[in-house]
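The values are calculated or read from the model by the stated rules, or taken from the named source; none is laboratory data. Owing to the predicted nature of the structure, the values given are computational and were not obtained by experimental measurement. Reconstructed Cβ throughout: ideal geometry from the backbone, glycine too, with neighbour counts over all protein chains shown. Ligands, DNA and RNA are stripped out before the accessible areas are found, and what is left, the full protein with its side chains, is counted by its heavy atoms. Shrake-Rupley method; radii C 1.70, N 1.55, O 1.52, S 1.80 Å.
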Amino acid sequence: METFFKLSEHGTDVRTEVTAGLTTFFAMSYILFVNPAILSQTGMPTQGVFLATIIGAVIGTLVMAFYANLPYAQAPGMGLNAFFTYTVVFALGYTWQQALAMVFICGLISLIITLTKVRKLIIESIPAVLKAAISAGIGAFLAYVGIKNAGFLKFSIDPGTYSVAGKGAAKGLAAITANSAATPGLVAFDNPAVLLSLIGLILTIFFTVKGTRGGVIISIFLTTLVGILLGVVRLDQVNWQATNLSASFAELKQVFGVALGKEGLLSLFSVPSRIPGVLMAILAFSLTDIFDTIGTLIGTGQKVGIIANTTDKQQSQKLDKALYSDLVATTLGAVFGTSNVTTYVESAAGISVGGRTGLTALVVAGLFALSSFFSLLVSIVPAQATAPVLIVVGIMMLSHLKSIHWDNIVEAIPAFFTSLFMAFTYSITYGIAAGFLTYTLVKVIKGQAREIHLVLWILDALFLLNFLCLAIL
């Protein structure tokens, strides 16, 4: 382990890496149950998607471990699976087989832009102020996800105050709240689940402030135990004999390779009139996939030495390998039968407790593989135990805001939109898009258009095209 992963060189050890791997896994293990629940609405077999989710996560994370030697975990991305189901299949009318084909094409696009160094060029073209804002935005996003998962928020509906503009993607994603607005507020702390989240948050803060080694895992373990005592975690409802592994393999046959078959890739471009719509959907898939990964790498990369200086040969090689790992995972994930596999922002939880090498990723991959046998055991750890970890990690990542010159309005405007829109829109990609577009706007107004990198102009155009497509589809 020491020699292969170069632990001493990275200032870490086996115990720290294992703790980091456990932390990351439990922070993102919800995807095992959420991804099948979302994708199965399209008609995909639930158990098959469950196993495909595990396989996609294991493949991507193992590549990150052994090839990139970085502490990032990969799995089918939230947001991307929602776009797959509610927009591509429900709103636009494609079959799930065709949607998988689109995901496969996204992987090929990622391969092209990575081999041609376009992805790295994108990262290098991002101004320092936006990189800092993206890092802080990832923190705000994580904190919001944690607060929401903890159940601290309630949403009151005000009928008739919200209307859906356009159709297609916007309609698909907003259908539930059409003609109404959801206003967030603080819940009453009068039920066991919310109280458990509060206890978990207090424990996580305590161990973090004390600097307790392995404190995050301890807080997750203790919160789970308290959850059992409070009745939030119901052991009597767990079927300890069930693994569903045989059923999962049987149903996996129904989704494996479909993306490349006659119902998938071969039928996707069979109707010429639908080709423009297909290309628009692939563009939306690709932009989200690319910038979710870029945002995560920028947000956490300084701690693991891949972003601080991309002109440094060693750091540049690490970045290249991280990007290759992502594209391999997306491409193979589509073949096995799941939506886009991406680098998980929850990796920040493991990095925050010291994860620095591929050993962290190896632990995560191993736990995902084991979860195929013990999925019910994994489900025992409640969201109330992992949500506080995301909140505290998000708080720590907000420290990147200090490097922004808030008294300079040219920096403050794009920094604000980048960092806070990630949380407001529940999307890393939309936060980055808002930051890029407002950065360009203020530079043009200031007469400094020449300072804008050509790559940013191109990305601005693509983001605008993507928003236009979402509005008219």
ask   = Do the conditions hold for LEU229, that is, is it open to solvent by 50 Å² or more (accessible area, probe 1.4 Å) and assigned to a helix (DSSP H, G or I)?
value = yes
inquiry  = Just to verify a result, which residue in region 91-120, among those that are farther than 18 Å from GLY77 by Cα and of a type in the set (Ser, Thr, Tyr), is modelled with the highest pLDDT?
reply    = THR95
message = Taking the criterion of being in a helix (DSSP H, G or I) and surrounded by 24 or more Cβ atoms within 10 Å (Cβ to Cβ), would at least one residue in region 371-381 satisfy it?
response = no
Extreme residue, nearest to ALA193 (Cα to Cα), among residues of region 232-250 that are modelled with pLDDT of 70 or more and open to solvent by less than 50 Å² (accessible area, probe 1.4 Å) = VAL232
Filter pass, ILE202 being in contact with a Phe, Trp or Tyr (Cβ under 6 Å, 6 or more places away or on another chain), modelled with pLDDT of 80 or more and either farther than 30 Å from LEU92 by Cα or part of a loop (DSSP other than H, G, I, E, B) (or both) = no
key: Residues located in region 337-357, provided they are among the hydroxyl-bearing types (Ser, Thr, Tyr) and surrounded by 24 or more Cβ atoms within 10 Å (Cβ to Cβ)   = THR338, SER339, THR342, THR343, TYR344, SER347, THR357
ask   = What number of residues in region 270-292 are in a helix (DSSP H, G or I) and free of Cβ contacts under 8 Å to residues at least 12 places away in the same chain?
value = 6
task = Quick one: count up the residues across region 173-199 that are at pLDDT below 90, of a type in the set (Gly, Ala, Ser) and either part of a loop (DSSP other than H, G, I, E, B) or open to solvent by 20 Å² or more (accessible area, probe 1.4 Å) (or both).
result = 6
inquiry  = So, SER156, is that one out of contact with any Leu (no Cβ under 7 Å at 6 or more places or on another chain), closer than 30 Å to ILE202 by Cα and surrounded by fewer than 24 Cβ atoms within 10 Å (Cβ to Cβ) or not?
reply    = yes
query = Tell me, which residue of region 414-473 that is in a loop (DSSP other than H, G, I, E, B) and closer than 15 Å to ILE122 by Cβ is least open to solvent (accessible area, probe 1.4 Å)?
reply = ILE452
query = How many residues does region 101-127 contain that are farther than 19 Å from ASP460 by Cβ, touching a residue at least 40 places away in the same chain (Cβ under 8 Å) and hydroxyl-bearing (Ser, Thr, Tyr)?
reply = 2
query = In the set ALA334, ALA361, which member is open to solvent by less than 10 Å² (accessible area, probe 1.4 Å), at pLDDT 85 or above and under 16 Å from the mean Cα position of the chain (by Cα)?
reply = ALA361
remark   = Here the residues within region 254-269 that are touching a residue at least 40 places away in the same chain (Cβ under 8 Å) and either open to solvent by 50 Å² or more (accessible area, probe 1.4 Å) or assigned to a loop (DSSP other than H, G, I, E, B) (or both) are GLN254, PHE256, GLY257, LEU260, GLY261, GLU263, GLY264, LEU265
inquiry  = Tell me yes or no: at least one residue of region 18-41 is touching a Gly at 6+ places or on another chain (Cβ under 6 Å), within 20 Å of THR331 (Cα to Cα) and open to solvent by less than 10 Å² (accessible area, probe 1.4 Å).
reply    = no
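Let's see how each residue does on (1) within 26 Å of ALA387 (Cβ to Cβ); (2) of a type in the set (Phe, Trp, Tyr):
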residue	(1), (2)
GLU2	no, no
SER40	yes, no
PHE66	no, yes
THR85	yes, no
PHE104	no, yes
query = Going by the structure shown, is PHE104 of a type outside the set (Lys, Arg), surrounded by fewer than 18 Cβ atoms within 10 Å (Cβ to Cβ) and touching a Gly at 6+ places or on another chain (Cβ under 8 Å)?
reply = no
ask   = Given the conditions (1) open to solvent by 30 Å² or more (accessible area, probe 1.4 Å); (2) part of a helix (DSSP H, G or I); (3) farther than 14 Å from ALA329 by Cα, which single one is not true for PHE84?
value = (1)
request  = With respect to THR296, determine if the residue is closer than 27 Å to GLY215 by Cβ, at pLDDT below 90 and in contact with a strand residue (DSSP E or B) (Cβ under 6 Å, 6 or more places away or on another chain).
outcome  = yes
